[in-house]
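A.B. asks: Can you read through this structure? Questions will come right after.
The values are calculated or read from the model by the stated rules, or taken from the named source; none is laboratory data. The structure displayed is predicted, hence computed values, not measured ones. Methodologically, a virtual Cβ is constructed for each residue, glycine included, from the backbone with ideal geometry; neighbour enumeration extends over all protein chains shown.
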């Protein structure tokens with residue numbers, strides 16, 4: 001199981017309808033035994049101009065989606081990938097996550 005610390009840059013898999021299956025970038029603000037308080041980089045709080053903060057489970061396995069498109073068994077919180085991925089090469093048929101149109 002992964003271990004996270006305050007200040008770590010992560011991605012959290014969303015389960016809310018309309019955004020289900022999307023990964024959102026965030027930073028760890030607090031750590032408890034089973035949860036992380038995160039602040040999202042690109043989501044504004046509904047009640048004000050601040051960035052959204054919320055508690056998320058530190059370890060959870062993603063459930064399958066109705067369309068069967070999500071890779072089942074993946075964790076819902078992961079370290080953020082490195083910004084420069086120009087060194088990577090991929091083989092045909094390998095699953096990837098893509099950043100497209102700001103999300």
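A.B. asks: When the residues of the stretch 7-25 are narrowed to those that are under 14 Å from residue 57 (Cα atoms) and assigned to a strand (DSSP E or B), which ends up modelled with the highest pLDDT?
C.D. replies: 10
A.B. asks: Pull up the stretch 42-54, narrow it to residues that are part of a loop (DSSP other than H, G, I, E, B) and surrounded by fewer than 13 Cβ atoms within 10 Å (Cβ to Cβ), then point me to the one that is modelled with the highest pLDDT.
C.D. replies: Taking the stretch 42-54 as the starting set, the residues that turn out to be part of a loop (DSSP other than H, G, I, E, B) are 45-50.
Checking which are surrounded by fewer than 13 Cβ atoms within 10 Å (Cβ to Cβ) leaves us with 46-50.
Numbers: 46: 87, 47: 87, 48: 84, 49: 89, 50: 92.
Within the stretch 42-54, the match that is modelled with the highest pLDDT is 50.
A.B. asks: Would you pick out the residues in the stretch 55-76 that are surrounded by fewer than 15 Cβ atoms within 10 Å (Cβ to Cβ) and at pLDDT 90 or above?
C.D. replies: Scanning the stretch 55-76 gives 55, 57.
A.B. asks: Pull out all pairs, ordered by first then second residue, where Cβ-Cβ is under 9 Å, the residues are six or more apart or on different chains, the first lies in the stretch 60-86 and is on the phi > 0 side of the Ramachandran plot and part of a loop (DSSP other than H, G, I, E, B), and the second is loosely packed, with under 11 Cβ neighbours inside 10 Å and modelled with pLDDT of 70 or more.
C.D. replies: 73/61
A.B. asks: Working carefully through the options 39, 30, find the one that is in contact with a strand residue (DSSP E or B) (Cβ under 9 Å, 6 or more places away or on another chain), at pLDDT 90 or above, surrounded by fewer than 15 Cβ atoms within 10 Å (Cβ to Cβ) and assigned to a strand (DSSP E or B).
C.D. replies: From the options 39, 30, the qualifying one is 30.
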